[in-house]
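Inspection log for the structure reproduced underneath, given as structure tokens.
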Amino acid sequence: MSSNRLAFKFIDEASERLDKFLALKLPDFSRSRLQALIKDGSVMVNQQVITKTGFDVEKGNVVEILVPETVGSELVPEKIDLDVIFENSDLAVINKPAGMVVHPAAGHDTGTLVHAALARFTDLQGIGGELRPGVVHRLDKDTSGLIVIAKNETAHRWLQEQFKSRKVEKIYIALVDGKPPTPTGRIEAAIARDPSHRKKMAVVSEMKGRASITEYRTLESFREHTLIEAHPETGRTHQIRLHLAFLKCPITGDTVYGRSHPSVEMKRHFLHAAKLKITLPGEKTPRIFEAQLPAELLAVLDYLR
């Protein structure tokens with residue numbers, strides 16, 4: 001594998017941590033990646049290999065770093081049609097169909113969004129030294145709608161910070177069984193891994209889980225169902241599904257947290273990521289992206305009406 005050697009001279013009077021100094025000099029690299037390169041022996045100070053990330057760099061020191069070129073992904077690109085809502089050199093906003101898994105995992109080693117993105121986007125620069133798209137947030141397999149992927153490490157870190165600081169606004173459309181206790185509301189219920197079923201999440205006491213908040217409002221009422229708009233302020237796994245089930249009005253078709261037999265004939269659950277408000281890398285004004293309900297969900301609403 002070929003590498004690029006970069007050298008920097010430390011000129012400040014006060015000493016600085018090695019990893020922090022490199023992060024300032026190489027803003028396109030994540031702190032974790034630089035720390036990994038240090039630990040792997042790819043960094044020298046005054047021609048001495050340093051593997052301690054907290055090593056103090058002092059005035060006059062020359063820091064050299066050997067940066068490996070981005071390597072190809074072990075994943076095989078797959079030509080799968082993607083509904084790309086928006087794309088630039090940094091990222092892409094995709095309207096994911098229900099049934100598609102976002103990231104490769106056990107039992108899903110082909111046909112994922114990542115496989116499709118590898119084939120669709122030819123300008124990927126890679127994340128963490130590997131030529132692959134950066135998945136910042138995820139949607140469940142049977143949840144359709146908007147998802148953002150980063151094409152390079154700088155955009156990936158920018159987007160991560162946007163989500164971490166809760167600057168991203170997400171709106172979901174859900175059909176639920178029954179009716180919420182109030183037309184609008186705010187659900188605050190901590191979430192953690194279900195101790196009895198490791199593949200499931202559960203609402204737990206505040207001391208045992210991570211704080212989770214979802215706001216909702218009613219859009220349309222039916223005899224036995226309600227169409228709602230859900231706004232998650234946090235982004236926990238299965239959060240909207242769990243919170244609505246916690247209100248005794250689980251998402252229609254959700255056989256994990258709701259009824260084992262759907263109240264309406266469906267092959268998926270009725271949850272769609274409809275709107276995303278986010279500030280893109282290098283921009284100051286947020287953009288709003290939208291994805292209309294897919295045909296199979298519109299058909300359910302037509303049936304109920």
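Read-outs: derived from the displayed coordinates by stated rules, not from any lab. The structure presented is a predicted model; accordingly, all values stated were derived computationally and were not measured. Positions of Cβ are generated from backbone atoms using ideal geometry, with glycine treated the same way; all protein chains shown enter the neighbour counts.
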Checking region 272-305 for GluC sites (Glu not before Pro) in a loop per DSSP with at most 12 other beta-carbon atoms within 10 Å yields E283
Output needed: percent of Cα pairs per 10 Å distance bin for region 166-305, bins running from 0 to the one holding the longest distance. 12, 39, 34, 13, 1
K25 paired with T285, simple spin-label distance in nm, labels 7 Å along Cα-to-beta-carbon: 3.9 nm
K25: which lysines have alpha carbons under 17 Å from its alpha carbon, excluding same-chain residues fewer than 8 sequence positions away? K9, K59
Of the residues F21, F163, F29, which exhibits the maximal mean-square fluctuation in a Gaussian network model of the chain defined by a 10 Å Cα contact cut-off? F21
Charges at C-beta only: +1 for Lys and Arg, -1 for Asp and Glu. How large is the resulting dipole of region 3-69 about its Cα centre, in Debye rounded to 20? 120 debye
Give the Rg/Rh ratio for region 70-165, taking Rg as the radius of gyration of the Cα atoms and Rh as the Kirkwood radius, to two decimals. 0.93
Out of T154, I171, P181 - ranked by how far each Cα lies towards the positive end of the dipole of region 122-189, with unit charges on the beta-carbon of charged residues - the top one is P181
Projected area averaged over all directions for the convex hull of the alpha carbon atoms of the chain, nm², comes out at 18.9 nm²
Considering the chain as a Gaussian network with a 10 Å cut-off on Cα pairs, which listed residue, L271, L139, L75, attains the greatest mean-square fluctuation? L75
Within a 10 angstrom radius of the beta carbon, how do K267, K151, K25 rank from fewest other beta carbons to most? K267, K25, K151
Fully extended contour minus Cα-Cα distance, from Y303 to K248, at 0.36 nm per residue: 17.5 nm
Among S144, S196, S165, the residue with the largest mean-square fluctuation in a Gaussian network model of the chain built from Cα contacts under 10 Å is S196
Neighbour-count ranking [beta-carbon atoms within 10 angstrom, fewest first] of Y216, Y257: Y257, Y216
